[in-house]
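Below is one structure, written out as structure tokens; comments come after it.
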Amino acid sequence: MAVARPLLRYNRDYGGNIVKTGLEAPDPRRREGDNGGMGFRSGFVSIIGRPNAGKSTLLNALLGQKLAIVTHKPQTTRTRIHGVLEVPLKKKAKGQAGYPPAQVVLVDTPGVHKPETQLDRRMMQEVMDALESRDAVLFIVDATHRLAKAQTPGESAKITGRMALSATEDDFALSLIKRLDCPVVLVLNKIDAVRKEELLPLIAHWSAQHGFAAVVPVSARKKEGLELLLETVVGLLPEGQRYFPRDQVTDQPERFLAAELIREKILMLTGEDVPYATAVVVERWEEPASKKKIKDGKLPVTKIAAAIYCERSGQKAILIGKQGTMLKAIGTAARKEIESLLGTRVFLELFVKVQAEWRSSRGFVEELDWRRQLEEIAAKQAAEEL
């Protein structure tokens with residue numbers, strides 16, 4: 001039986017003007033349009049795993065579009081990201097079980113790690129929140145992480161150095177799922193990068209660690225094994241109503257998605273500690289009255305001003321670059337994707353600000369939460385209307 005949980009509700013104008021905001025619990029008796037008849041299933045499915053396991057790549061692959069930013073660097077994701085997947089009825093066929101129609105709310109999360117800074121603690125809180133409100137969990141593991149091998153048959157494998165650290169991180173991630181009372185599916189990702197004969201020992205190793213509801217090998221990057229994974233997930237969900245309208249893909253506001261795209265370009269274009277010491281906050285968002293083309297045949301313009309925060313003046317210099325070249329490159333790359341997201345032209349202004357040791361500041365880290373930012377915007381708009 002699905003448990004009704006409070007959801008943040010916003011109007012369709014995610015960019016700036018918020019008509020309604022707050023907590024609204026879905027009514028179990030309510031239906032969002034045609035629910036596909038008896039047997040329609042719905043639920044929240046949290047995706048957890050260590051950094052760089054491919055959680056965001058899997059989310060995007062299942063949705064069939066880019067929602068979460070993806071880079072090769074660990075800890076790219078800093079907050080929970082909801083992706084709403086409408087699954088049509090798949091009728092039984094010869095050799096295929098089929099599954100009922102469903103709405104799967106996928107919850108991408110930051111990589112599981114032992115926190116050191118206030119930002120780390122906030123990220124791990126996002127993971128814990130995702131595990132509290134879920135109907136099932138996908139525990140994703142990077143299949144390219146090698147297992148220790150015994151030197152001679154019968155001996156225990158010796159684990160040292162980097163492999164020992166990896167094993168410790170695995171144990172920490174496993175400790176979280178062992179507390180759960182819901183079905184957990186083991187997803188072995190990146191199988192395209194390992195030989196087939198290496199998969200069976202991996203499956204045996206991980207299956208011995210926990211009583212998983214199922215084990216599904218996939219390649220999120222190449223979209224292999226996703227149909228089986230989807231069939232498995234739908235089979236684990238309870239019958240229930242839609243939590244989101246049929247055509248809604250996420251509850252993330254567009255201004256947050258735009259900020260994430262800017263941060264993605266920083267991660268991709270800068271190195272060393274700079275990407276991890278940066279945060280992006282949209283300070284101004286001006287949407288056109290209509291997204292229809294104007295008289296000259298061009299799309300209207302959305303004006304965005306965003307601040308890039310870093311911790312030291314040396315990082316600021318790197319982000320700006322010689323004669324502003326790096327900041328221009330970040331802005332140009334981000335603007336193209338934001339235009340695709342919004343369906344308008346975008347005028348993007350970027351500013352770099354130094355906020356010393358912000359990752360250790362609880363107050364500043366809390367201000368980065370998009371939910372809090374929207375509440376502040378709503379309060380400001382309400383005050384202006386008085």
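Numbers below:
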{"item": "Inter-probe distance in nm under a simple model that places probes 7 Å from Cα toward Cβ, at Asp192 and Asp296", "result": "4.2 nm"}
{"item": "Inter-site label distance for Glu385 and Lys223 at 7 Å from Cα along Cβ, in nm", "result": "4.2 nm"}
{"item": "Size of electric dipole in the chain: Cβ of Lys, Arg +1 and of Asp, Glu -1, about Cα centre, debye, nearest 20", "result": "940 debye"}
{"item": "Inverse mean reciprocal Cα-Cα distance (Kirkwood Rh) of the stretch 80-120, Å", "result": "13.4 Å"}
{"item": "Contact order normalised by residue count of the stretch 254-385, Cα under 8 Å, 6+ apart, percent", "result": "26 percent"}
{"item": "Estimated vicinal HN-Hα couplings, Hz - the stretch 268-277 in sequence order (Karplus 6.51, -1.76, 1.60; Gly, Pro = x)", "result": "7, 9, 10, x, 6, 8, 4, x, 7, 9"}
{"item": "Loop-resident sites, the stretch 169-250, for trypsin sites (Lys or Arg not before Pro), counting at most 12 other Cβ within 10 Å (DSSP)", "result": "Lys178, Arg179, Arg195, Arg246"}
{"item": "Ellipticity estimate at 222 nm from DSSP helix runs (n ≥ 4, -39,500 (n - 2.57)) divided over the chain, nearest 500", "result": "-10500 deg cm²/dmol"}
{"item": "Leading residue at positive end of dipole, the chain (Cβ point charges), from Leu229, Gly49, Val141", "result": "Leu229"}
{"item": "Among the listed pairs Lys66/Lys265; Lys265/Lys291; Lys73/Lys265; Lys91/Lys190; Lys73/Lys178; Lys328/Lys353, those beyond 18 Å (Cα-Cα)", "result": "Lys265/Lys291; Lys91/Lys190; Lys73/Lys178"}
{"item": "Cα gyration tensor category, rounded, prolate or oblate, for the stretch 209-345 with a/c compared to 1.5", "result": "oblate"}
{"item": "Where GluC sites (Glu not before Pro) in DSSP loops with at most 13 other Cβ within 10 Å are excluded, longest remaining stretch of the chain", "result": "156-271"}
{"item": "Euclidean distance of C-alpha centroids, the stretch 170-229 and the stretch 95-146, integer Å", "result": "13 Å"}
{"item": "Kirkwood hydrodynamic radius over Cα pairs of the chain, then Stokes diffusion coefficient at 20 °C and 1.002 mPa s, in µm²/s", "result": "94 µm²/s"}
{"item": "Whole-number percent relative contact order across the stretch 31-236, with pairs defined as alpha carbons under 8 Å at least 6 apart", "result": "23 percent"}
{"item": "Compactness of the stretch 31-236 as Cα Rg over 2.2 N^0.38 Å, two decimals", "result": "1.06"}
{"item": "Prolate/oblate/rounded call for the stretch 292-386, Cα gyration tensor, a/c under 1.5 rounded", "result": "oblate"}
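Just so you know, all these numbers are worked out from the coordinates, no wet-lab data involved. Remember, predicted model here, so these are calculated numbers, not experimental data. A quick note on method: Cβ atoms are made from the backbone with ideal geometry, for glycine too, and the neighbour counts reach across all protein chains shown.
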